[in-house]
Structures are given as structure tokens and as C-alpha cells.
Amino acid sequence: MKAKSIKGKSPEDIQSALKQSMADGFRPTIAIVFISVKQDRKAVCKILDEAGIAIFGATTNGEFTDENLTNGEMAMLLLDMNPAHFTIFFEEFNGNNYRETAQAIAKKAIETFQNPAFLIAGSSMKTDAEALLFGFEDIIGEHANVFGCMAGDDFTFSEQFIFTNHMESSRGIVAIVFDEDKVIIKGRATCGWKAVGTPKTVTKSEGNHVFTVDNVPVLELTRKYSGLEIRSKDTVEVATQIATSLPLQLQREKGDPIMRPGIFVNFDDGSFMCQGTVPQGSKVRFSLPPDFDVMEMVIKGLGELKATEMPEADALVVFTCTGRILSFSPMMNLEIEGVRKVWNVPMAGMFSMAELARAYNGNLEMHNLTTCCVALKEK
């Protein structure tokens, strides 16, 4: 499989870049499209559709094809994969039937390929992304090979979109299903944040709503250990402070811990909402503010994946958390550059609201503050 990455600031840029990429006879069959909500998605889809290219798309909080990160633009990975080796499914949610929607896609996938693997994107911050993963596991089994993200919206935290050639939704899921007998898909999700302090017990929570830890309101405990002087009543601003200074790590019996930063704060009771469940009775630890070691762990993890499971790749897809760009700011390009150099193949990536992948040595999880890298190679 041959791959090329292109980017642009307008549909006209994409039209020109696509034409240039095909000048040597390259004929892509699928485009993985990461695009700002500010851009004209329909115009871009029309360009790709008229070229006979299948589309897997999500809106972003920033995008990249190399270490030059952009916001408000577009990044694409073009693949000339054999059309018999993949298919795309698109579904909208009906109410809160997230698990059932994923089950429906998984059922169609195993009717199409004996050994399916999935690259998925979901939209809406209200979506229970863990339920999506459970839905795939229900049908495929615990070994289900699933990677993906939740779409962004340029940090407005309002409305996110996923799309394919003639459909889009702010409450849905799009999935590329690969025939794993023909396409190798391997990945690694790494957060790299270091835990600090002793494990603490979540003493009151409901789903992703954490009220108390060690019987103390979680906001008060966070303020105590972080030293944050929280004066603003802006819940988004305070959640950003918490997410980039002292987020929670949810401990798992199997595999690496999962990041669970607060994303909405309730000042009345000192609770906050996390983007992912935090079960009552579970153990959590706080995390130190990130440093260069966090980025180095991502690159090291990919080096290990290359050495042990994926010596060669045709293309690389990267989902990295919006919280990382907020934490690292301009330094984030160093991580992306390091990621690109592992296989040195065409790459496209986005900053997402959540990352979906198997935890290292663990289960399928919804991640936060994490970089998920997915390598693809057609046999």
C-alpha cells in the first residue's frame, strides 16, 4: 500500500494538493480526513467523492501531517488500499444507544470479514465512548482490535462532527473496518504522566461524576495538593487548570492506569465530571505536571512496538488529546516529530476529545491526556 499525506487551509488547497499527489499515477481509495469545524466539510467531501475516494472524517481541536501543528485547517492521509480489504460504516445514535450502535457495526463487520479490525471516530461530548468499546467487545470478543477518537470542535466544546462521503452527524460514529487477514493494524496508547502520592479511594461517584475522594470533595482535595488558587467561577477555565496541573489517574487491576481529568466543575458541591467513568470504590492517584519525560515515553513506547510487533508500516494515524497541546503548548511539535521518525512514513493526526485504544497490557479503554498512534500495513 502506498500512502501520502496532504494538508490545506481551504478546499481549493486540498483540490490542488490532491491533484499534485496523483500526478505520478497514485490513486487513493480512502482518505482519513481531520478537519476544523471552521472549514467547509461538504466542499472537501465533494472533491474527494468526485475522485472516487472513500472518506473517514472527524472534526478536530487541531491537526497535523508532520511536526507543524495547525488549528482551523485540514490534514489528510491518502491510502491506495485495495477496496476489497476495507469498508466504511456510518451510524447515528438513537438516544443513548451507544453500546447497541457499536454492536450493530460489529455484527456487520463480521459478516464482511472473518477477522475485522476497526478505526473509529465518534461525535458529541455526551457520548459514552466506553459503551462503544463494550459494544465491539460484546460481538467480537475481548480481543477486539479497535482504535479511534472522539471528535473535536476547535476548543469551543459545543458541537463536534464525524462524516463520510454523503453523511455527517454530531451524534454518531464512523468506522473503517479492515480485513485483518489483509491489513496489519497495530497501535500504542501512552499518556506518560507520572503518578504522585498514595492511592486514594473514590468514596462517592456516579458514572463519570466524581463527588468525593477519601470522603473529601474532589475539587477541595485537588486544590489542596496542587496549590492552585482557583478564583474564577468559569468551569471550563478551572477544568483546564485541573487537567493540565494535577489530573486523576484511575488505577486498573490489569494494564496501565487511565487518565481521568475533570472537564466540568460544580462549585456548589466541589465535584467534577470526568470524560470517562470513575467507579465508586476505585483507586485513584494524582499526576504530576508533565515534563519532557512524558513525550519521551510516547516515542519510546512506539520504538518498542516497532521492535516487537510492527517492524514496517505503510502509514501512521495519530490521535492525541487536546489536553496535551494545552499542557505542552509549542513543545508538542517535538513529540509529533519523534512519533513521525519511528517509522518515517506518511502520517496524519488530530487533537481529540478522547482517545480509544487498548491500554498497554490491559483492556480497551477510553483515554484522556494520551497519545494513541496507529500503524497500518497492507500485506
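The values are calculated or read from the model by the stated rules, or taken from the named source; none is laboratory data. Here the structure is a predicted model, which means the values were calculated and not measured. Please note: Cβ atoms are built from the backbone with ideal geometry, for glycine as well, and neighbour counts cover all protein chains shown. Only protein heavy atoms, including side chains, enter the accessible area calculation; ligands, DNA and RNA are left aside. Shrake-Rupley method; radii C 1.70, N 1.55, O 1.52, S 1.80 Å.
Conditions tested, residue by residue: (1) surrounded by fewer than 24 Cβ atoms within 10 Å (Cβ to Cβ); (2) within 21 Å of Ile263 (Cα to Cα); (3) of a type in the set (Phe, Trp, Tyr); (4) at pLDDT 95 or above.
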residue: Leu316; (1), (2), (3), (4): no, no, no, yes
residue: Phe319; (1), (2), (3), (4): no, yes, yes, yes
residue: Arg324; (1), (2), (3), (4): no, yes, no, no
residue: Ser329; (1), (2), (3), (4): yes, yes, no, no
residue: Arg340; (1), (2), (3), (4): yes, no, no, yes
residue: Asn344; (1), (2), (3), (4): yes, no, no, yes
residue: Ala348; (1), (2), (3), (4): no, no, no, yes
residue: Phe351; (1), (2), (3), (4): no, yes, yes, yes
residue: Glu355; (1), (2), (3), (4): no, yes, no, yes
Asp269 meets each of (1) within 18 Å of Asn368 (Cα to Cα); (2) touching a residue at least 40 places away in the same chain (Cβ under 8 Å); (3) surrounded by fewer than 15 Cβ atoms within 10 Å (Cβ to Cβ); (4) of a type in the set (Asp, Glu) with one exception, condition (1)
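Give the range 302-314 a look and list any residue that's open to solvent by less than 20 Å² (accessible area, probe 1.4 Å), farther than 18 Å from Cys149 by Cβ and part of a helix (DSSP H, G or I), or say none.
Leu305
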Thr70 vs (1) modelled with pLDDT of 95 or more; (2) closer than 19 Å to Cys373 by Cα; (3) touching an Asp or Glu at 6+ places or on another chain (Cβ under 9 Å); (4) open to solvent by 10 Å² or more (accessible area, probe 1.4 Å): all pass except (1)
Taking the criterion of being closer than 17 Å to Ser169 by Cβ, within 23 Å of the chain's Cα centre (by Cα) and open to solvent by less than 30 Å² (accessible area, probe 1.4 Å), would at least one residue in the range 7-26 satisfy it?
no
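One line per residue, one yes/no per condition, for (1) among the charged types (D, E, K, R); (2) without any contact (Cβ under 8 Å) to a residue 40 or more places away in the chain; (3) over 18 Å from Met347 (Cα atoms); (4) touching a Pro at 6+ places or on another chain (Cβ under 6 Å):
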site	(1), (2), (3), (4)
Phe26	no, no, no, no
Lys38	yes, no, yes, no
Pro83	no, no, yes, no
Arg99	yes, yes, yes, no
Within the bounds of the range 78-89, is there any residue that is over 22 Å from His166 (Cα atoms) and modelled with pLDDT of 95 or more?
no
Leu288 passes all but one of (1) over 21 Å from the mean Cα position of the chain (by Cα); (2) open to solvent by 20 Å² or more (accessible area, probe 1.4 Å); (3) farther than 13 Å from Cys191 by Cβ; which number fails?
(3)
The range 248-299, residues that are among the aromatic types (Phe, Trp, Tyr) and farther than 28 Å from Lys126 by Cβ
Phe292
Just the residues that are more than 12 Å from Leu219 (Cα to Cα) and acidic (Asp, Glu), please, taken from the range 235-277.
Glu237, Glu253, Asp256
Go through the range 148-169 residue by residue and tally those that are surrounded by 20 or more Cβ atoms within 10 Å (Cβ to Cβ) and under 17 Å from the mean Cα position of the chain (by Cα).
10
Taking only the range 105-135 into account, find how many residues are more than 20 Å from the chain's Cα centre (by Cα) and open to solvent by 10 Å² or more (accessible area, probe 1.4 Å).
8
Which residues, counting only those in the range 174-228, are buried (at least 18 other Cβ atoms within 10 Å of the Cβ) and hydroxyl-bearing (Ser, Thr, Tyr)?
Thr190, Ser205, Thr212, Thr222
For the range 368-379, how many residues are open to solvent by less than 10 Å² (accessible area, probe 1.4 Å) and either in contact with a Leu (Cβ under 7 Å, 6 or more places away or on another chain) or of a type outside the set (Val, Ile, Thr) (or both)?
7
From the set of residues in the range 325-379 that are without any contact (Cβ under 8 Å) to a residue 60 or more places away in the chain and charged (D, E, K, R), which is nearest to Cys149 (Cα to Cα)?
Glu335
Filter the range 136-147 for residues that are over 27 Å from Glu63 (Cα atoms) and either within 15 Å of the chain's Cα centre (by Cα) or of a type in the set (D, E, K, R) (or both); which is surrounded by the fewest Cβ atoms within 10 Å (Cβ to Cβ)?
Glu142
